[in-house]
Structures are given as structure tokens and as C-alpha cells.
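Read the figures in this text as sums done on the coordinates, not as results from a lab. Note that the coordinates shown come from a computational prediction; the quantities given were computed from them, not determined experimentally. Neighbour counts are summed over all protein chains in view; Cβ atoms, including those assigned to glycine, are modelled from backbone coordinates with ideal geometry.
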Amino acid sequence: MVLTSVTHLRVSCEQDTPVVAMLRPRSGHAQWVLAQRYDLSPWVPAREYVDQYGNLCQRFVVPQGEMTLKVTSEVEVAEQVAVDPHASFTPVERLPDDILVYLLQSRYCPSEAMDEQAREIVRGTAPGYAQAARICDWIHATLEYRYGVSDASTCAQKTLQDAAGVCRDFAHVGVALSRALHMPARFVVGYLHELDPMDMHAWYEVYLGDRWYTFDPTQDKPRGGRIVVAYGRDATDVAFLSSYAPLEVVDMTVTVEAAKTGPAS
């Protein structure tokens with residue numbers, strides 16, 4: 001399926017402010033970018049680089065006052081995410097070198113402290129996809145989706161204590177519990193078609209066999225129609241806008257619509 005996403009940001013600052021934005025999806029194993037437009041008003045010089053996780057990052061300086069950013073992307077994505085109950089657990093010694101970083105605990109995912117709980121959740125479940133799916137189902141059934149419980153400092157352990165949070169928090173819990181069982185897991189941000197209310201969304205992926213599998217504990221079943229914007233160890237690595245002086249996001253709107261026709265053959 002082909003999705004068109006439009007992200008519109010209005011920001012304000014009292015002085016010229018350097019920023020790094022992460023708003024432009026790139027083509028990869030899960031999607032193909034067919035067309036894209038990135039508008040800055042007022043226009044300023046910008047440059048782009050690829051970070052260590054493969055994300056496209058845009059650098060520019062927001063001038064004093066207000067600026068609007070609008071990113072429009074037309075992306076071909078899978079209608080269904082891959083599901084493989086037979087996908088095997090990959091022993092650490094057989095993991096590709098670039099996957100190992102996703103076994104390490106990180107700021108929001110203190111996996112070493114969650115080992116006992118992870119093993120209790122998957123007790124009696126075979127290693128591999130079955131355990132990863134069990135963790136996702138457990139989060140969906142156990143945690144309440146509720147605004148106002150968490151903030152930018154909330155880690156996976158705190159979310160478990162509160163038994164509530166939002167998509168970012170659910171994903172952190174999934175990542176941490178997966179890593180506790182030596183399954184590499186990475187945090188993902190992007191867009192989910194027909195999410196209500198529409199906004200940037202977070203989920204996670206687990207590396208099994210020789211590939212990544214998508215898990216989203218905010219949903220009651222696997223859903224496709226996802227545009228990936230960025231990957232990272234946790235939310236630290238995927239901020240959509242990082243500023244290096246005080247900057248206010250005045251408003252932000254996101255729309256995601258299915259194209260009426262598919263890509264040209």
C-alpha cells in the first residue's frame with residue numbers, strides 16, 4: 001500500500017537556535033520512499049547526515065522568531081507486518097556485529113534489572129518468536145494506555161510500577177524485557193495508518209532468526225500500514241527535534257492517508 005504522510009511543525013525561539021531534526025523517512029527493508037518534500041519557512045541553509053542507526057538527520061539553524069517545517073512523504077509500505085511463530089532465537093555468538101548494540105541496556109530500558117520479571121512472563125514459552133509475542137501480549141493486557149502518567153524522564157521500570165503509560169512507554173517496556181532475555185530489540189518511531197488520534201507513534205522490533213520483527217503492544221493484533229521515521233536504542237536516539245538553545249514547539253499536526261492509486265507499474 002502507498003501512504004502519504006504530512007508533518008507540520010511550528011516552532012518559536014528567542015535567539016537563533018541550532019537544531020537537528022529527524023522527520024524524513026528513508027527507504028529500507030520495510031518501506032520504499034516514492035516522493036518527498038521538505039519545506040522550511042523562512043528558508044535557511046540545511047544539510048543532512050546519516051547517524052549510527054541509519055536515520056536521516058537534518059541540521060539547520062532556526063532563526064529568532066517563528067519557523068514552520070512541513071515534511072510530506074509518499075511511501076510504499078507493507079499492508080501486513082511479518083509474523084512467524086517459528087522464528088528462532090539467535091544465540092548471541094551468532095548475531096551480526098551491528099545488532100549487538102541492541103542487547104545493551106539504555107537510558108529508558110534498564111534491561112538488567114528486569115531479568116527476573118521477563119523470565120516470569122515467558123515461563124513455559126519456547127525461546128524465539130513465541131517469547132517475543134508473549135511479552136507484547138502481556139504488555140497489552142497488563143498496562144493501561146493513559147495520558148498524563150509518564151513524562152520525558154519515565155523509564156520502563158517506572159512504567160511497570162505505574163501499570164500505565166502511552167506508546168513510547170509501552171515500547172520501552174517491550175524493548176527492555178526482550179533484551180533481558182538476550183533478544184536484540186530496537187525502539188521505532190513513525191506513523192501508523194488509521195491511528196486515532198493521529199500523531200507520531202512508537203513501537204519496537206525484535207531480532208529473531210536473521211531479521212527484525214515488528215511488535216506494537218498498543219494494538220490488539222499485528223498491523224501493517226507503518227511508515228518508519230527512525231530507529232534507536234530507546235527514545236533518546238529518535239527525538240524528532242533536538243535543539244541546542246531554548247525552543248518551543250508551538251503546534252504540531254500529522255496526517256497519514258492511503259493513496260487512491262498505487263505506484264506506477
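Residue-level check: of (1) free of Cβ contacts under 8 Å to residues at least 60 places away in the same chain; (2) farther than 23 Å from ALA245 by Cβ, CYS57 misses just (2).
Residues of the stretch 195-247 that are touching a Lys or Arg at 6+ places or on another chain (Cβ under 7 Å) and closer than 20 Å to ARG59 by Cα: TYR231, GLY232, ALA235, THR236. Residue count for the stretch 157-186 satisfying the condition of being over 25 Å from SER5 (Cα atoms), surrounded by fewer than 24 Cβ atoms within 10 Å (Cβ to Cβ) and aliphatic (A, V, I, L, M): 4. Against the list (1) closer than 30 Å to ASP98 by Cα; (2) among the hydrophobic types (A, V, I, L, M, F, W, C); (3) surrounded by fewer than 16 Cβ atoms within 10 Å (Cβ to Cβ), the condition VAL189 fails is (3). Would you say GLU257 is surrounded by fewer than 18 Cβ atoms within 10 Å (Cβ to Cβ), of a type in the set (Asp, Glu) and in contact (Cβ under 8 Å) with a residue 24 or more places away in the chain? Yes. The set of residues in the stretch 34-55 that are of a type in the set (Phe, Trp, Tyr) and in contact with a Cys (Cβ under 8 Å, 6 or more places away or on another chain) contains only TYR49.
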